[in-house]
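Everything on this sheet refers to the single structure shown next.
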Amino acid sequence: MRRPNVLLTGTPGVGKTTLGKELASRTGMTYVNVGDMAKDGELYEGFDEEFDCPILDEDRVIDELEDKMSEGGVIVDYHGCDFFPERWFHIVFVLRTENSFLYDRLESRGYKGRKLQDNIQCEIFQTLYEEALLSYRKEIVHQLHSNTPEDLERNLDQIMQWIEQWMKDNN
């Protein structure tokens, strides 16, 4: 039975990992956190001193995921999306969080200074939503609010319904 590939993207701290893990648990789909995969496989091409983080080797990430994505049934979680092949995803969800919630979440993760401010600005200016719209057909890109536990449940229900419908239509 064919299953869709789902991309969860958005600014760090919007709830992609929480949503992705729970979605995988409820659907039996494969969950891939690209940041964790890159860390485990050392899929980096350097280190950004200014932002105090490694620089992802996007080509190696694509190579690492290619076979898994062709099988279907994968939930991918990453804050960027413009380097993934368009053909991989059947739907893209961009999680959005109000700045007051996001600031507290990022601060609790130890974000500070320019890294904190740039991520907040990224959310204010809808940078990742715009990136998704430029990278994928606009009809498969959807924004989801991700502020509260109630939002999480609503998003899970909505995505589960979409997956069920996709499976009916494509099997």
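The values are calculated or read from the model by the stated rules, or taken from the named source; none is laboratory data. Not measured: the values here are computed from a predicted model. When we count neighbours, we look across all protein chains shown, and the Cβ atoms used for this are built from the backbone with ideal geometry, even at glycine. When the accessible area is computed, the model is the full protein with side chains, heavy atoms only, and any ligands, DNA or RNA have been set aside. Shrake-Rupley method; radii C 1.70, N 1.55, O 1.52, S 1.80 Å.
The table for this structure:
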{"item": "Some residue of region 21-36 being farther than 30 Å from Ser100 by Cβ and out of contact with any strand residue (DSSP E or B) (no Cβ under 7 Å at 6 or more places or on another chain)", "result": "yes"}
{"item": "Top-ranked residue of region 16-59 - restricted to ones that are in contact (Cβ under 8 Å) with a residue 24 or more places away in the chain and among the charged types (D, E, K, R), ranked as least open to solvent (accessible area, probe 1.4 Å)", "result": "Lys16"}
{"item": "Any hit, region 100-110, residues being closer than 15 Å to Leu8 by Cβ, open to solvent by less than 70 Å² (accessible area, probe 1.4 Å) and not β-branched (Val, Ile, Thr)", "result": "no"}
{"item": "Pairs, first part of a helix (DSSP H, G or I) and charged (D, E, K, R) in region 60-74, second open to solvent by less than 100 Å² (accessible area, probe 1.4 Å) and at pLDDT 95 or above, C-beta under 6 Å, six or more apart", "result": "Arg60/Leu43; Lys68/Val74"}
{"item": "Enumeration of residues in region 114-164 that are touching a residue at least 24 places away in the same chain (Cβ under 8 Å), open to solvent by 90 Å² or more (accessible area, probe 1.4 Å) and either on the phi > 0 side of the Ramachandran plot or not hydrophobic (A, V, I, L, M, F, W, C) (or both)", "result": "Arg114, Arg137, His145"}
{"item": "Checking Phe93 against (1) open to solvent by less than 70 Å² (accessible area, probe 1.4 Å); (2) modelled with pLDDT of 95 or more; (3) out of contact with any His (no Cβ under 9 Å at 6 or more places or on another chain), the condition it does not meet", "result": "(3)"}
